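Only one structure is covered here, and it is reproduced in the block below.
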Amino acid sequence: MQEHRLSLLVWKARQIRQAVNAFEQAWPPLPPEPALPPFGWSQLQRQLTDLAPPDLSPLVADLVSAIRKEAAAKPAEMVLREVLTITATVLDEGFREKYAEDSTML
């Protein structure tokens, strides 16, 4: 059982590394510039929850948690892209309609 868990962790780490490599090939690092004002995961989740329609609000915590868990292994711009993607998803009227029809789609 422990060996299986270890192989899953190694597989996940390789998957993240491949995604990072692909991202960095598509978007090479830019020269340094002033950073965004700092904010935390709780603040991000609170604001996304507020922006989300009531039926999708519970989904926001899971989406933010998924990004947070892998953020340390990814470039900041890749994490930003993921945050923007979940924001667009939550605000997308078409997604809301599809999610209302089948809430197991995620």
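Values in this text are rule-based calculations from the coordinates and carry no lab data. These numbers were taken from a predicted model, which means no experiment stands behind them. Cβ placement follows ideal geometry from the backbone for every residue including glycine, while neighbour counts extend to all protein chains displayed.
Sites listed here are chymotrypsin sites (Phe, Trp or Tyr not before Pro) in the stretch 33-102 whose DSSP assignment is loop and whose Cβ has at most 13 other Cβ atoms within 10 Å: Phe39. The label point for Glu77 and the one for Trp27, both projected 7 Å from the Cα toward the Cβ, are 0.7 nm apart. Of the options Leu48, Val64, Ala76, report the single residue whose Cα projects farthest towards the positive end of the charge dipole of the stretch 38-101 (beta-carbon charges: Lys, Arg +1; Asp, Glu -1). Looking along the dipole axis, the top candidate is Ala76. Bridging of Lys12 to aspartates and glutamates at a Cα separation below 17 Å is possible for Glu3, Glu70, once same-chain residues fewer than 8 apart are set aside. Dipole magnitude for the stretch 38-101: about 300 debye, using +1 per Lys or Arg Cβ and -1 per Asp or Glu Cβ, origin at the Cα centre. With distances taken between every two different alpha-carbon atoms, the chain has a Kirkwood hydrodynamic radius of 15.9 Å. Applying 1/(1 + (r/R0)^6) with R0 = 30 Å to the Cβ-Cβ distance of Leu6 and Leu84 gives a FRET efficiency near 0.35.
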